[in-house]
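Working notes, structure below.
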Amino acid sequence: MDLLLTLAEQTWKEWAITTIAAWSYVGVFVLLVACGLGFPCPEEVALIGGGYAIYQAGLRDPSAGGWDDVALMCAVAMLGVLLGDTILWWLGRKVGEFPERIPVIGRHLTPDRMEKARGMFERHGAKAVFFGRFLFGIRAVTFFVSGSLRVPLPLFLIMDGLAGMLSVPISIILAWHFGAKLHDALAYVSQFHHWVLLGVGLLFVAVVAYAWRKHKAGQAAATGAAAKATASD
């Protein structure tokens, strides 16, 4: 049964990738904007589709499908990612604490997910935007909450853009390079995303540990200052 489910998932992804590739830049842009708004599809499908579209273009025309086209696809993909995320930020700024008012998207912004996202912002501030991009379950909620908490748009775009730069270009390049073997492209991009998640997880732990040590040092300093003041009295 597990094998059949895996094969079905692979088949679905390959169909989606080839369909996106047929629409090239437009398909990648539209799907990434939709993913940013909570459409239930992994972003990696759109990114692999972008790389595969460049590979297919090279087969049709030897003068196409080079690094220039890859760079353009990366730029289009980043624009789609940032636009979808920014729309959620804007909705959060406008609607605030009432996500249920938003048609379709609002049903993904559940109270439990909203609470988790707020907790991330309480602990990490705007850095939650960076970490939230890698959390599929609460990614859209994180961007919505960032708007409701009035995170400045330039800071939001910087954090979101930095996170996007970790996955978008490499995913497209891998799919382009391994385009002749779509199964391999899927496997390599999936493996790459796992490594990115691991790296982000380690970074998250390091940030939490640093914040905790800083908090404890502040408490110790405050205790020492209070003890000195008591002694001098």
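How do 25, 55 line up, fewest other C-beta atoms within 10 Å first?
Values: 25 18, 55 21.
Ordered by Cβ neighbours within 10 Å, fewest first: 25, 55.
Using only the Cα atoms, what convex hull volume per residue in Å³ does region 1-138 have?
Working: hull volume 19.2 nm³, N = 138.
Expressed per residue, the convex hull around the Cα atoms of region 1-138 is 139 Å³.
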So how do 153, 88 line up by other beta-carbon neighbours within 10 Å, fewest first? 153, 88
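Taking the mean number of other Cβ atoms within 10 Å as a proxy for protection, how do you rank 57-63, 146-152 from highest to lowest? Write out the running numbers ahead of the final one.
Numbers: 57-63: 11.1, 146-152: 18.4.
Packing order, densest peptide first, comes out as 146-152, 57-63.
In which sequence would 48, 102, 54, 138 go, from the one with the fewest C-beta neighbours within 10 Å to the one with the most? Before the final figure, lay out each step's value.
Values: 48 31, 102 19, 54 28, 138 22.
Ascending Cβ contact count within 10 Å gives the list 102, 138, 54, 48.
The numbers here are math on the coordinates, done by the rules we state, and not lab data. Predicted model only: the values in this text are computed from it and were never measured. Neighbour counts run over all protein chains shown; Cβ positions are idealised from the backbone, glycine included.
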